[in-house]
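Heads up: the structure comes next, in structure tokens.
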Amino acid sequence: MAVILQSLPQEAALTKIEYEGPRIALYTKNPVYLMQNNQLVSNMVNSIKKRIVIRTDESIRKPRPESTEIISKSIPKEVGLAGMFFDAVLGEAVVFAKRPWMLAQVGEEFDNIDLAEKTGWRVRIRKAPQSMSYIENFYRILDESVVERTKFYREVGNKIFRDKLSEQAEASLIALGGFAEVGRSCMLLSTRESKILLDCGINETGRDSLSSLPRFDIAGLSMSELDAVVLTHAHLDHTGFLPALFKYGYRGPVYCTEPTILLMGILQQDYIRRAGKSALYSDKDVEKAVVHAVPLTHGIVTDISPDVKLVLSNSGHILGSASAHLHIGNGDHNLVYTGDMKFGKTVTLENAFWNFPRVETMIIEATYGGKEDIVSSREEAEASLAALISSTISNNGRVLIPVPAVGISQELLVVLNTMIGTGRIPPVKILVDKIIAEATAICETYPEFLSRDIRQIISESEQNPFGEPSISVEPASLKQGEPAVVLAPSSMLAGGPSVSYLKQIAGDPSSKLILVSYQAVDTPGRQIQDGARQVSVSNETITIRCQVEKIDGFTSHSDYNQLMAYVSRLRPKLRKVLVNHGERPKAQNLASSINKIFKIPTQHPLVQEAVKLL
């Protein structure tokens, strides 16, 4: 703080310095001075090696109605103001606009620095999605927890920036879930100073709690001992148990990207609706998780404990997905946990980041870790999809594609929209479940996390690359003889809307079931993929007479060749590789291949096993 105070002239009008979780917040009555002289802040960051943010002092913030009026008058009508939300903790006004790119064209009529001076709030602009419902719910949760969040940020900062108890570094990892299996990804990283949870998922297809929930019973850990949770992405097999931590007393930070916060909230609340009375937690627990989430952007170094720094990098799996690079001690050890990863560019996402400056240990997924797991190219996959849909439409059939609500569903929406636009498939009704539409709306709001091409379309035009599919709140009735393409969760046909649609088309030989996602062992989707034509779902037998096809080229996971290529790219050479997130034979195969080809010590631990890293 002495360095900060010495670095700032009186014109900065500094009123206080507070911890804001992993950041140091400078409160000022003259935000314009610091916004115009941002080199001052950059110099301080370089000097103290901590993240610094500028916040407006509460005393200069005009009341919300007055600020709303000032901001609204500053935005031309053609921009299409769709919503405005105030975050009193951060001193920000977040404006959602239908055509935000127009603000760059109106020159000095719109100026964020000018608005900060006029209102006392820092203004952020975001693209308004077609549906604002979940955005509104998100800001409602934040607005109802101002006191709690303010206190929480200070407490987190005090824990992170306390003096170290020891300069000697140690690190170990306990596998609580997601090793030699797919589902309930969760592991505990322990150092001398901290205990950090990496992911916290559930396995919805597990037979009992011992196989479906993380094994906290073997960790000997109370919730108060946990310093932080790091999430790689929003899917329930990585975040589905998180609200239960808050139910049982955890009150610490959850680090992830901002899209992950919104997407996991959508998926967790959907899980509660589906599970009913047997749900592990309530909507209030989900809201607690949202309140304690600390959003991070890719590529920024963030202190998350006295001896651990975190950098998130794009993993190419779904919107906001990240690999976690953990820097332990004073350069003592670097751990990268890839999370779910796609080392190959897709339509909606960029390739997974690989250029880490230092990595000693890597934890890598093995969903497609078998030598036989070589997926078809995107060109082949798209050609197959176009041919299958076109032939089904010509026979007046219906196409069901079971998908996760987030990820492949958005990829397919872009692909289908493009195919219809270019005439590769005839115009056909595209029907999606409401939760897919909600997740797609979040994609529209965070184009900076999407591929360059899609980002440009969303950020610079009114064109919607995801198209305008029909949205179904409840499984719609599919009329025989009326062609349609349906995207519905769950992707493994273990329950949910996809099963309702399957029942409707199962007896129709002119309709098709197209499997594009990973199908876990013992799920109805896997049984059908392996040739079964009678499956039992929720004690009901479904006889399959429709056509069944599989297209693997749309997967959001890396196949065997991509995983091996990823490891080969890393420089300097890894000292250790741990393989997780794959059925046991696939994890064993990938571990063996990495060891033989790259001469790197490799392990494929089981759940409940511990590994010493340092």
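So is Thr367 assigned by TED's automatic domain parsing to the domain that holds Ile318, of a type outside the set (Lys, Arg) and more than 25 Å from Phe138 (Cα to Cα) or not? Against the criterion (assigned by TED's automatic domain parsing to the domain that holds Ile318, of a type outside the set (Lys, Arg) and more than 25 Å from Phe138 (Cα to Cα)), Thr367 qualifies. When segment 264-289 is limited to residues that are free of Cβ contacts under 8 Å to residues at least 40 places away in the same chain and over 20 Å from Pro497 (Cβ atoms), the one that is surrounded by the fewest Cβ atoms within 10 Å (Cβ to Cβ) turns out to be Lys277. On inspection, Ser491 passes the criterion of being of a type outside the set (Phe, Trp, Tyr), crowded, with 23+ Cβ neighbours inside 10 Å and either assigned to a loop (DSSP other than H, G, I, E, B) or touching a Cys at 6+ places or on another chain (Cβ under 9 Å) (or both). Segment 520-614 holds helices (runs of 4 or more DSSP H) entirely within its bounds, and those carrying 2 or more residues that are basic (Lys, Arg) and not assigned by TED's automatic domain parsing to the domain that holds Ser391 map to 584-598. Taking the stated definitions as given, is Val290 more than 24 Å from Ala494 (Cβ to Cβ), among the aliphatic types (A, V, I, L, M) and not in a loop (DSSP other than H, G, I, E, B)? Against the criterion (more than 24 Å from Ala494 (Cβ to Cβ), among the aliphatic types (A, V, I, L, M) and not in a loop (DSSP other than H, G, I, E, B)), Val290 qualifies. Here Val94 qualifies as closer than 20 Å to Ser459 by Cβ and of a type in the set (Val, Ile, Thr).
The residue of segment 334-351 that is surrounded by the most Cβ atoms within 10 Å (Cβ to Cβ), among those that are assigned to a loop (DSSP other than H, G, I, E, B) and of a type in the set (A, V, I, L, M, F, W, C), is Met341.
Would you confirm whether or not segment 534-548 contains a residue that is surrounded by fewer than 18 Cβ atoms within 10 Å (Cβ to Cβ) and within 20 Å of Leu385 (Cβ to Cβ)? Checked segment 534-548: at least one residue is surrounded by fewer than 18 Cβ atoms within 10 Å (Cβ to Cβ) and within 20 Å of Leu385 (Cβ to Cβ). Quick one: is Ser323 more than 13 Å from Leu231 (Cβ to Cβ), among the hydroxyl-bearing types (Ser, Thr, Tyr) and in a strand (DSSP E or B)? It is false that Ser323 is more than 13 Å from Leu231 (Cβ to Cβ), among the hydroxyl-bearing types (Ser, Thr, Tyr) and in a strand (DSSP E or B).
Val359: among the aliphatic types (A, V, I, L, M), in a loop (DSSP other than H, G, I, E, B) and within 21 Å of Phe179 (Cβ to Cβ), yes or no?
yes
If you filter segment 3-57 down to residues that are over 31 Å from the mean Cα position of the chain (by Cα) and basic (Lys, Arg), you find that the one that is nearest to Leu296 (Cα to Cα) is Lys16.
Looking at segment 505-518, I want the residues that are in the same structural domain as Gln534 (by TED's automatic domain parsing) and under 8 Å from Lys550 (Cα atoms) and have a partner that is of a type in the set (Ser, Thr, Tyr) and part of a loop (DSSP other than H, G, I, E, B) with Cβ atoms under 9 Å, at least 6 apart or on another chain. Which pairs are those? Going by the 9 Å Cβ cut-off, the qualifying pairs are Leu515/Ser491; Val516/Ser491; Val516/Thr555.
Filtering segment 64-85 for residues that are at negative phi, basic (Lys, Arg) and surrounded by 13 or more Cβ atoms within 10 Å (Cβ to Cβ) leaves a non-empty set. How many residues, within segment 243-263, are crowded, with 19+ Cβ neighbours inside 10 Å and more than 19 Å from Ile318 (Cα to Cα)? The qualifying residues number 7. Is one or more of the residues making up segment 509-518 of a type in the set (Ser, Thr, Tyr), at negative phi and in contact with a His (Cβ under 9 Å, 6 or more places away or on another chain)? Yes, segment 509-518 contains at least one residue that is of a type in the set (Ser, Thr, Tyr), at negative phi and in contact with a His (Cβ under 9 Å, 6 or more places away or on another chain). Apart from one condition, Arg55 fits all of (1) outside the structural domain of Asn112 (by TED's automatic domain parsing); (2) part of a helix (DSSP H, G or I); (3) of a type in the set (D, E, K, R); the exception is (2).
The values are calculated or read from the model by the stated rules, or taken from the named source; none is laboratory data. Source: prediction; values computed, not measured. Cβ atoms come from the backbone with ideal geometry, glycine included; neighbour counts cover every protein chain shown.
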